[in-house]
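**Student:** The structure's right below; bear with me while I get my questions together.
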Amino acid sequence: MNAFPRISLGFCALMALLASSRESRADSTNRAKGISGGALVGAEAVMLTEAALGVKPTWLYVLGGVVGAGGGGFAGYYLGGSSSPKPPSFVLAGGIALFIPTLIGIVTATQFQPDDTYQQQRSSDDEVPLDARGPRGAQRPTQRALAAAAAAGPEAPAPASPHLELPQVQVAASYSAEELQIHQVRQAPAVHVSLLRGVF
């Protein structure tokens, strides 16, 4: 049996034991929400931080997620013991909402990046482009000549590698000059806040 099903069964058994305590049903529901939400938020906070720092090894994400989930679940247990049901519900909702951004951050940080010295090699079977063949009857350039011409020419800009950027705050004008004239309103500043920005 794999380790993951064992850990999952152990976690479910722990949740069942904690939920079946002698407290009233509402309190046990709040505790379960607090523990689950705290574990999610704790694991996601650690793994998002690792992804932002550019950590590559997978085992560090697993270790960080387990430690974060343990700390978050411990904090969620006490948060679930509060008299109001709102804090555990908000923590659980936050943990669910952060799942996809955490997954995207981890995939972006751990994807394969070739070295800067890597160059794709062309085989001798590659077809010569039509524009390099010239008119009929003209001698076709060799692969070596084409490679030399490509190396001498301007390089195409490299596509941006996938990454996440920090949120940005910008202050801009609310209306264009044309809108000001048409609607006869005063110019007002508008604040633009990007919550998540990235290239994929």
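**Student:** Kindly indicate whether any position in the stretch 50-63 is among the aromatic types (Phe, Trp, Tyr), surrounded by fewer than 16 Cβ atoms within 10 Å (Cβ to Cβ), closer than 25 Å to Thr110 by Cα and within 24 Å of the chain's Cα centre (by Cα).
**Tutor:** Of all residues in the stretch 50-63, those among the aromatic types (Phe, Trp, Tyr) come to 59, 61.
Then keep just the ones that are surrounded by fewer than 16 Cβ atoms within 10 Å (Cβ to Cβ); that gives 59.
Next cut, closer than 25 Å to Thr110 by Cα only: 59.
If we keep only those that are within 24 Å of the chain's Cα centre (by Cα) as well, we get 59.
Yes: the stretch 50-63 contains one or more residues that are among the aromatic types (Phe, Trp, Tyr), surrounded by fewer than 16 Cβ atoms within 10 Å (Cβ to Cβ), closer than 25 Å to Thr110 by Cα and within 24 Å of the chain's Cα centre (by Cα).
**Student:** Now for a different question. In the stretch 164-200, what residues are modelled with pLDDT of 80 or more, among the acidic types (Asp, Glu) and surrounded by 10 or more Cβ atoms within 10 Å (Cβ to Cβ)?
**Tutor:** Within the stretch 164-200, Glu179 is the sole residue that qualifies.
**Student:** Any chance the stretch 74-81 includes a residue that's in contact with an Asp or Glu (Cβ under 6 Å, 6 or more places away or on another chain), within 30 Å of Asn30 (Cα to Cα) and of a type outside the set (Ser, Thr, Tyr)?
**Tutor:** Going residue by residue through the stretch 74-81, those that are in contact with an Asp or Glu (Cβ under 6 Å, 6 or more places away or on another chain) are none.
Scanning the stretch 74-81, I find no residue that is in contact with an Asp or Glu (Cβ under 6 Å, 6 or more places away or on another chain), within 30 Å of Asn30 (Cα to Cα) and of a type outside the set (Ser, Thr, Tyr), so the answer is no.
The values are calculated or read from the model by the stated rules, or taken from the named source; none is laboratory data. Just so you know, these numbers come straight off a predicted model, no measurement behind them. Heads up, the Cβs are rebuilt from the backbone with ideal geometry, glycines too, and the neighbour counts pull from every protein chain shown.
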